[in-house]
Amino acid sequence: MPPPGYGSTPPPKRGKGKLAIALVAVGVLAVAAIGFFVVRAVTGGSGGAGSPEAAAEDLAAALEAEDPVAALATMNPDEVEALGDVYESAADRATALGFAPDEDALGGVDLALSGVTYQVDELGPDVSRVTISGGSADISVTRDELGGETDAVVERAAEVDDEEVDRTIEGELADEDLVITSEEGDEVDPFLITVRRDGGWYVSPLFTAAQYAVDSFGLASPDLPPPDAGEGADDPEAAVVELLTGVGEADGPASGDLTAGEAGEVVRSYPGALEELVGRLGDDTSVDVTVETDAAEREAGGMAVTVTRIEGTLSYTDEDGDDRVADVVWDGTCLEVDDHAADDGDATMSDDEERDVASSDFCLTEGWAQTGVDALTVVAIEEDGGWRVDPLATLTDYAADIVPEISADTILRAVDYPELAEPTDSVAAGAAVDVDLNNAGFAVVTVDATAGEPFTVSADLGGDVDDEVQAFLVTPSGEYESAFSLIEPDESGEYLLVVGKDGWSTGTVSVRVSRLVRKDLEVGTAESGGLGQPGDIVEYSVDLDAEHPYELVYNDPDLDYAVIDAEGTALDLVELDEGTAAFTTGDAGTYAVRVDGGLDEVTGSFRVNVVEVEPFVLGNGTSPEATGEIAAPGDIQFIDLTIQGGQEVVVDLTPDDPAFDPVFIVKDPDTDTELRRFNSGGPGQAESVSFTPDETTSWRIEVQGSASTVGTFTLSASQA
């Protein structure tokens, strides 16, 4: 999420050719496929291949033969055996949810390789890069052999793309299709990294991922062979704290010393790459934090260390050479990062000066908790006499919690087709309906629409929920439409309304479908209308001038009123009196005056009018100019000025006599309190003042003579 269409604009089509559709199916099945065979594979052991190229060839042959046992046997056992239970659980879950066929996770997907060639380069002792230098793969997906839910995704993807999809989908993938482009614009051919363990060569997923990062971002090459691990930490909690500090300070060797197993060997092999990656934040990073943890024994061995609090700072120098500080607080549930210039300290923002601050927040929300993740926990193991953090075991524990909680709704949201979920309710025009969201944070409901009868959809989470409601519609013919704009059905039938929120968790959304009646309105002419049932909306079209003030006049204050521009944005309405509100237009064009019953779903008749008003009124309103005279020292002349909210008006006070030095005073007309005084021009020179009130405001302009000077003057007002 957000799936296409969540928000205010219609969703774009997702361009997918037949090959991409096939790959969607492959991707959905991949986790289940691995899960089906890993447990069996890791209990055996092939002894590895005789060479780096042979390891890559064995993996390709296993994939082509759809032999998952053989495929896993080509991979470094120390990297994959810890994940066996997780993969088995993933396979079972995918099958139970209908995303994989029973007893054959790779069912329906066939792969045939041809002309594949390899180039082997030694990166260091026992580590080689095997680059795919040529060849292609023919991919065939037989939809009848897929899981039912996966086939539905393929069908929907084709429908979105306006394609006819055969029951068997054919595609070809050439080696150049797997080429990536680095940040520097260099092309990187597809490759695998192989490692030698106990005399045999294996494909290493961890080394491969690290080398791809190096090639993609232009990071430092590996240091091979890597140094032996250091002593580690004295206890599990210290291992976590010291690793956090090592990574934060871009200390590659220290980070490698505190990382266990094969992952530790990779970090020790790529210390420069880690330092450069962290260094992208800035140079000379230093960490000063206090960390609080709880530790508990883990059934599979080692200790589970939960980080309950982190508080401190990360200091660094950014790319412009400026010193910055990131204040970091983790309270066990939420991470708050306040990144600011080092010399800002604890400065407080004033009304006219803001700190240069960038903030980042992450929380383990209800959505995380319902997947079994309610704390930040890592696994530490004792290795070679010291304690180190084990990333693979940590990943295994998280996956073991999350996989059993995955639902079909979660997968449909993840692949951006939530509309395939079963509708849970039907919403008709009228009163609001409470819709329960599933554990993926969305719901699908049906809406019956009639061609030519426009309607709108509104949705509200209510209460103090800190989240954003999102929604989109799917027409009877399968097209996407925005839900939060006026819907004008071209066809009658059942629409699907997908409504949800940003967060992946349950909740309740109040949804209302409103019938809309359109009418015309002329400025200065009142029109009568009525709301016959809850949820009805009457919308008047009215042509208005650009950058001009108007008043909306209505007789029933219990109803809700809005003025909406051509872009769908509601203008600010400033209530003047009961039944009158002021607003100012932007561009010239047709605006909509919308009347509805609001949250209380009020019904009944009403009258509404839009009245043009002047941007400002000077004196009695007959002229934008006034004249006066200060005939004797101490004389006072005044004139009232009213300016519509949002208008900028310039007032000029011009003396007619070069010896006359006028004083311009702004007063509150109700209390005669002096607000501002202007006298900077000197004899014979004009005073000029600009007014831009947010709301319609009146002032009293008082004119005096400075230093006993006298003379005539002209006071003029104009719209800026």
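Could you tell me which residue of the stretch 493-509 is nearest to ALA459 (Cα to Cα), considering only residues that are at pLDDT 90 or above and among the small types (Gly, Ala, Ser)?
Only one residue fits best here, namely GLY500.
Of all residues in the stretch 301-322, which are more than 28 Å from GLU366 (Cβ to Cβ) and either among the hydroxyl-bearing types (Ser, Thr, Tyr) or at pLDDT below 90 (or both)?
THR313, LEU314, SER315, TYR316, THR317, ASP318, GLU319, ASP320, GLY321, ASP322
Give the residue that is nearest to ASP436 (Cα to Cα), with candidates limited to residues of the stretch 484-530 that are part of a loop (DSSP other than H, G, I, E, B) and out of contact with any Ser or Thr (no Cβ under 9 Å at 6 or more places or on another chain).
Checked the stretch 484-530; the qualifying residue nearest to ASP436 (Cα to Cα) is THR506.
Could you list, in sequence order, all residues of the stretch 249-264 that are crowded, with 22+ Cβ neighbours inside 10 Å and touching a residue at least 24 places away in the same chain (Cβ under 8 Å)?
Within the stretch 249-264, ALA250, GLY256, ASP257, LEU258, THR259, ALA260, GLU262, ALA263, GLY264 qualify.
How many residues does the stretch 503-523 hold that are closer than 30 Å to PHE442 by Cβ and either charged (D, E, K, R) or open to solvent by less than 40 Å² (accessible area, probe 1.4 Å) (or both)?
Of the residues in that region, 11 qualify.
Quick one: is SER716 in a strand (DSSP E or B), over 50 Å from the mean Cα position of the chain (by Cα) and in contact (Cβ under 8 Å) with a residue 24 or more places away in the chain?
Yes.
Report the residue count in the stretch 584-610 for those that are surrounded by fewer than 15 Cβ atoms within 10 Å (Cβ to Cβ), of a type outside the set (Ser, Thr, Tyr) and either farther than 17 Å from ARG518 by Cβ or without any contact (Cβ under 8 Å) to a residue 12 or more places away in the chain (or both).
Looking only at that region, the number is 7.
Restricting to the stretch 560-573, give me the number of residues that are open to solvent by less than 40 Å² (accessible area, probe 1.4 Å) and β-branched (Val, Ile, Thr).
Adding up the residues that qualify gives 2.
Pairs, please: C-beta under 6 Å, at least 6 apart or cross-chain, first residue within 18 Å of ILE630 (Cβ to Cβ) and in the stretch 666-686, second open to solvent by 50 Å² or more (accessible area, probe 1.4 Å) and in a loop (DSSP other than H, G, I, E, B)?
Listed by first residue and then by second, the contacts come to PRO683/ALA659; GLY684/PRO658.
Which pairs turn up if I take residues in the stretch 330-355 that are modelled with pLDDT under 50 and look for partners that are surrounded by 10 or more Cβ atoms within 10 Å (Cβ to Cβ) and charged (D, E, K, R) with beta carbon separation below 7 Å, at least 6 apart in sequence or on another chain?
ALA347/ARG355; MET349/ARG355; ARG355/ASP344
ASP126 versus (1) closer than 30 Å to PRO225 by Cα; (2) touching a helix residue (DSSP H, G or I) at 6+ places or on another chain (Cβ under 7 Å); (3) open to solvent by 40 Å² or more (accessible area, probe 1.4 Å): which is the lone unmet condition?
Only one criterion is unmet by ASP126, namely (2).
When you go through (1) open to solvent by less than 30 Å² (accessible area, probe 1.4 Å); (2) out of contact with any helix residue (DSSP H, G or I) (no Cβ under 9 Å at 6 or more places or on another chain) one by one for LEU376, which number turns out not to apply?
(1)
For residues that are touching a residue at least 40 places away in the same chain (Cβ under 8 Å) and part of a loop (DSSP other than H, G, I, E, B), tally how many sit in the stretch 210-227.
Qualifying residue count, the stretch 210-227: 9.
Name the one entry in VAL427, VAL433 that is surrounded by 19 or more Cβ atoms within 10 Å (Cβ to Cβ) and over 23 Å from the mean Cα position of the chain (by Cα).
Residue meeting the stated conditions: VAL427.
Restricting attention to the stretch 445-481, and to residues there that are over 21 Å from VAL153 (Cα atoms) and hydroxyl-bearing (Ser, Thr, Tyr), which single residue is surrounded by the fewest Cβ atoms within 10 Å (Cβ to Cβ)?
This residue is THR450.
Please state which one of ASP635, ASP657, ASP652 is open to solvent by 30 Å² or more (accessible area, probe 1.4 Å), at pLDDT 90 or above and within 55 Å of the chain's Cα centre (by Cα).
Checking each option against the conditions leaves just ASP652.
Hey, does the stretch 184-196 have a residue that's touching a residue at least 60 places away in the same chain (Cβ under 8 Å), in contact with an Asp or Glu (Cβ under 7 Å, 6 or more places away or on another chain), open to solvent by 40 Å² or more (accessible area, probe 1.4 Å) and farther than 30 Å from GLU145 by Cβ?
Checked the stretch 184-196: at least one residue is touching a residue at least 60 places away in the same chain (Cβ under 8 Å), in contact with an Asp or Glu (Cβ under 7 Å, 6 or more places away or on another chain), open to solvent by 40 Å² or more (accessible area, probe 1.4 Å) and farther than 30 Å from GLU145 by Cβ.
May I ask you to list the residues in the stretch 275-305 that are open to solvent by 40 Å² or more (accessible area, probe 1.4 Å), touching a residue at least 40 places away in the same chain (Cβ under 8 Å) and in contact with a Lys or Arg (Cβ under 9 Å, 6 or more places away or on another chain)?
none
Say whether the condition of being free of Cβ contacts under 8 Å to residues at least 40 places away in the same chain and surrounded by 18 or more Cβ atoms within 10 Å (Cβ to Cβ) is met by at least one residue in the stretch 231-243.
Among the residues of the stretch 231-243, at least one is free of Cβ contacts under 8 Å to residues at least 40 places away in the same chain and surrounded by 18 or more Cβ atoms within 10 Å (Cβ to Cβ), which makes the answer yes.
Within the stretch 306-329, how many residues are within 22 Å of VAL379 (Cβ to Cβ) and touching a residue at least 24 places away in the same chain (Cβ under 8 Å)?
Going through the stretch 306-329 one residue at a time, the tally reaches 4.
How many residues does the stretch 524-559 hold that are closer than 17 Å to TYR591 by Cβ and loosely packed, with under 14 Cβ neighbours inside 10 Å?
6
The values are calculated or read from the model by the stated rules, or taken from the named source; none is laboratory data. Note that the structure is a prediction, hence the values are computed from the model and not measured. Here Cβ is always computed from backbone atoms with ideal geometry, including for glycine, and neighbour counts include all displayed protein chains. What goes into the accessible areas is simple: the full protein's heavy atoms, side chains included, and nothing from ligands, DNA or RNA. Shrake-Rupley method; radii C 1.70, N 1.55, O 1.52, S 1.80 Å.
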